[in-house]
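Just below is one structure, and these are the notes that go with it.
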Amino acid sequence: RSTSFTKPPVVVTVTGAAGTIGYAALFRVAAGAMLGHDQPVILRLLELPAAIGAAEGIAMELDDCALPQLVDVQIYDDPRAAFDGVNHALLIGAKPRTKGMERADLLSANASIFAAQGAVLNDVAADDVRVTVVGNPANTNAAIAARNAPDIPPSRFSALTRLDHNRAIAQLSARAGVPVTAIDGVTIWGNHSATQYPDIFHARVGDRTGAQLAEDRTWLVDDFIPTVAQRGSAIIAARGASSAASAANGTIDHVQDWALGTPGDSWTSAAIVSPGVYGVPEGLVCSFPVRSNGTDWQIVEGLEINDFSRARIDASVAELQSEIAAVDALGDA
Ligand code: NAD
Ligand code: LMR
C-alpha cells in the first residue's frame, strides 16, 4: 500500500498479536501513536497457528481503519519470517498469569519461547533492532532472549515496567491532588512483580517533593507501595484477566520514549540489562530510572539511595537472581 510520507517505513513485529494486549496495541501503533504520526509502519503479526484466523480478522479491521501511516500488515506463524528485518520487536505473546497463579510458575512455560525468539532475532533482525518484552515474567524473559542473541548488543533488549511507572504516577496524582503532568522523577526499581519498588524519594509532585510525601511512612508502606506493586493482581481479581489496555498503553509509551527520546531532563522507568550499577549485578534485566536520546536508554546515575530504598531494591534484585537461577536449573534456555 502506498503512503504520502517520505520517511522509509519501520518494521514492527508484534508477537501474540491476536491476544488481548496485542489487540489493544495494534491499532494505536498503526495510527502513529508509538513512532509518530509522520512515520509509516509495516506491521508483522506473529501468532500461534491456532490464532492465525483471529490475526487475519485483526488485519481486516486494520485495513478498515484506512490509516495513512499503515503500509502493510503481514501475518506469520513462523518467527523467522516475522522477525526478518524487524526494527522494533514487541514480544507480547506468552502464557498469561491467571487467578491464583504466581509469576514464577510461568518461568518454565515461557523460558523456551523467549530463548527461541532471541536466537531467531539474532539471525534475522535488522541491525538496529530494539526489543521490548511484555510477556511475563518480562524481566527474565528479556534476559533469556538477550543471552540467546549474542550478536545483538544487550542494550537493545528491554522489558516493560512502564505500566508500573504509570500506575505510580496515577496513585501520586490522586494522593497529592495534582495533574499527572506535574509529576516527575518517579522510579520503578527491580522486577515487574510484587517485589518491585516504586521510589518517590527523588520525585517532584506539583510543588512538593516525593520525599515530603514519603514522610507519611504509613501511607508509603501500607498504601502507596503495595497498591502499585500489587496492581496487576488487583486487576486480575477484578477483571478475571490480566491488564490489557493499560499494558498496551505502557508498551506504546515505552517504545515511543525509546525511539523518539525522553523530553528534557525528565526520566522514566524501563527494565534493561544491568551494566552493574546501583548494586544490581551485571546481566540482570532490572528496572532503573532511564532517559533515552532516541537511540539508547541511559541510566540516570548518581541518585542517592537511602536505607529504606536500598532494602527494597535489594529484595527485588534477589528475586530476579532467583528467577535466573530457576531458568538455569531448567537447562534449556
Ligand atoms: P493473551 O493470552 O490474551 O494473548 C497472548 C497471545 O500470545 C495469544 O494470542 C497466544 O496465541 C499468543 N502466543 C502465545 N505463545 C506465542 C508464541 N510463542 N508466539 C507467538 N504468539 C504466542 O495474553 P495477554 O493478556 O495479551 O498478555 C500477554 C502477556 O503479557 C502475558 O504474559 C501477560 O502476563 C503479560 N503482561 C505483561 C505486563 C507488563 O506490564 N509487563 C502487563 C500485563 C500483561
Ligand atoms: C500486570 O502488571 O498487570 C500484569 O503483569 C499482570 C500480572 O501477571 O501481574
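Assorted remarks:
- Failed item, numbered, when Pro153 is tested on (1) without any contact (Cβ under 8 Å) to a residue 12 or more places away in the chain; (2) under 23 Å from Ala247 (Cβ atoms); (3) more than 16 Å from ligand 2 (Cβ to nearest atom): (2)
- None of Leu35, Leu45 is in contact (Cβ under 8 Å) with a residue 12 or more places away in the chain, assigned by TED's automatic domain parsing to the domain that holds Ala89 and away from ligand 1 (no atom under 16 Å from the Cβ) except Leu35.
- Test: Ile235 is over 22 Å from Asp307 (Cα atoms) and touching a Leu at 6+ places or on another chain (Cβ under 6 Å): no
- Extreme residue, modelled with the lowest pLDDT, among residues of region 234-254 that are surrounded by fewer than 18 Cβ atoms within 10 Å (Cβ to Cβ) and more than 9 Å from ligand 1 (Cβ to nearest atom): Gly240
- Qualifying helices (runs of 4 or more DSSP H) (wholly inside region 1-95; at least 1 residues being closer than 20 Å to Ala116 by Cα and touching a Lys or Arg at 6+ places or on another chain (Cβ under 7 Å)): 79-82
- Beta carbons closer than 6 Å, at least 6 apart along the sequence or on distinct chains, never pair a first residue in region 12-26 that is at positive phi with a second that is among the hydroxyl-bearing types (Ser, Thr, Tyr) and within 16 Å of ligand 2 (Cβ to nearest atom).
Residue-wise test of (1) within 30 Å of Asp207 (Cα to Cα); (2) part of a strand (DSSP E or B).
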site	(1), (2)
Val131	no, yes
Asn139	no, no
Ala146	no, no
Pro150	no, no
Ser155	no, no
Asp164	yes, no
Ala168	yes, no
Ser173	yes, no
Ile188	yes, yes
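- Residue list for region 296-317, restricted to those being surrounded by 13 or more Cβ atoms within 10 Å (Cβ to Cβ) and more than 11 Å from Phe201 (Cα to Cα): Asp296, Trp297, Gln298, Ile299, Val300, Arg310, Arg312, Ile313, Asp314, Ala315, Ser316, Val317
- Identity of the residue in region 219-257, of a type in the set (S, T, N, Q) and without any contact (Cβ under 8 Å) to a residue 40 or more places away in the chain, that ends up farthest from ligand 2 (Cβ to nearest atom): Gln230
- Figure legend. Inter-residue proximity from region 268-284: first residues at positive phi, second residues in a loop (DSSP other than H, G, I, E, B), beta-carbon distance below 6 Å, spacing 6+ or different chains. Indicated pairs: Gly276/Glu282.
- Restricted to region 187-218, and to residues there that are β-branched (Val, Ile, Thr) and within 16 Å of ligand 2 (Cβ to nearest atom), the residue that is nearest to Ala270 (Cα to Cα) is Ile188.
The values are calculated or read from the model by the stated rules, or taken from the named source; none is laboratory data. Everything numeric here is computed off the predicted structure, so don't read it as measured data. Cβ coordinates were reconstructed from backbone atoms using ideal geometry, including for glycine residues, and neighbour counts include every protein chain displayed.
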